[in-house]
Amino acid sequence: MQAHRKFILVLAFASALAAGGCSAPAADRAAEDLAILRAVLSVHCSRNGPQTVVTDMPAQPHEAEIPLAVPPDIRFGLDLTTRQAGSFRWPLGKLCPSVLVAADEGIKETFARETKIPPSGEFFVKEFNGASRLVGVSLPVYSADGERAVVYTSSRCGVLCGSGFYIEFRKTRKGWKRTNSTGAWIS
């Protein structure tokens, strides 16, 4: 019976998301999206060390990055196609002293200058003042009631260094709080 209820709940979330998710006005949705971006990157903002660069292009997981075993309570967020980025970009600039949101085109141009095999990342490090990590964050997918959200993140820190996660957040009076995280890949 419990499994049946969870299935019905997941089905209800999926139906609501297919219909557009929570029905907040666009300005409210944009403010919530930015609040969630800040919550995702808060761990990077609290670090003293090399800068983290975030691409302004919202991340999209590849099909192989969708985990098979996912806690039932975050399955509603796995269909990130309900929030296609289209022309949306995260706002450029410093999110905090150690996190910079940079134009995806500029990041790609920096990596295109790389000639070493395997790539060393030296141009990226120089261009972005010693940056040690490149992060991508998807647009959030919201539960039907707008109280929970899931994002996909990818983080690359070298040729064979990186990871991807699905992170669930719950809205509280103090903002969005991380409640769950599921690994998608690791290198």
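Quick notes on this one:
- Total residues in region 159-175, condition hydroxyl-bearing (Ser, Thr, Tyr) and more than 22 Å from Ser187 (Cα to Cα): 1
- For Ala35, the requirement of being of a type in the set (Gly, Ala, Ser), assigned to a helix (DSSP H, G or I), modelled with pLDDT of 95 or more and out of contact with any His (no Cβ under 6 Å at 6 or more places or on another chain) is met.
- Boolean, Thr153 is more than 17 Å from Arg38 (Cβ to Cβ), β-branched (Val, Ile, Thr) and not in a loop (DSSP other than H, G, I, E, B): no
- Listed by first and then second residue, the pairs linking a residue in region 32-46 that is in contact (Cβ under 8 Å) with a residue 60 or more places away in the chain to a residue that is of a type in the set (Ser, Thr, Tyr), with Cβ atoms under 7 Å apart and 6 or more places separating them unless they lie on different chains, are Val40/Thr153; His44/Thr52; His44/Ser98.
- Residues satisfying the stated conditions in region 104-136, i.e. assigned to a helix (DSSP H, G or I) and within 30 Å of Gln84 (Cβ to Cβ): Asp104, Glu105, Gly106, Ile107, Lys108, Glu109, Thr110, Phe111, Ala112, Phe124, Glu127
- Among the residues listed as Ser155, Ser163, the single one being surrounded by 14 or more Cβ atoms within 10 Å (Cβ to Cβ), without any contact (Cβ under 8 Å) to a residue 24 or more places away in the chain and of a type in the set (S, T, N, Q): Ser155
- Among (1) in a loop (DSSP other than H, G, I, E, B); (2) out of contact with any Lys or Arg (no Cβ under 6 Å at 6 or more places or on another chain); (3) at pLDDT 90 or above, the one test that Leu139 misses: (2)
- Cβ-Cβ distances below 7 Å connect the following pairs, each with a first residue in region 116-134 that is charged (D, E, K, R), a second residue that is assigned to a helix (DSSP H, G or I) and modelled with pLDDT of 85 or more, and a separation of six or more residues or different chains: Glu127/Thr110.
- Residue in region 82-102 that is surrounded by fewer than 21 Cβ atoms within 10 Å (Cβ to Cβ), free of Cβ contacts under 8 Å to residues at least 24 places away in the same chain and β-branched (Val, Ile, Thr) present: no
- Residue selected from region 106-134 under the condition loosely packed, with under 15 Cβ neighbours inside 10 Å and of a type in the set (A, V, I, L, M, F, W, C), by the criterion nearest to Gly49 (Cα to Cα): Phe111
The values are calculated or read from the model by the stated rules, or taken from the named source; none is laboratory data. Computed from a predicted structure; not experimentally measured. All Cβ positions, even for glycine, are placed from backbone atoms using ideal geometry, and neighbour counts span all protein chains on display.
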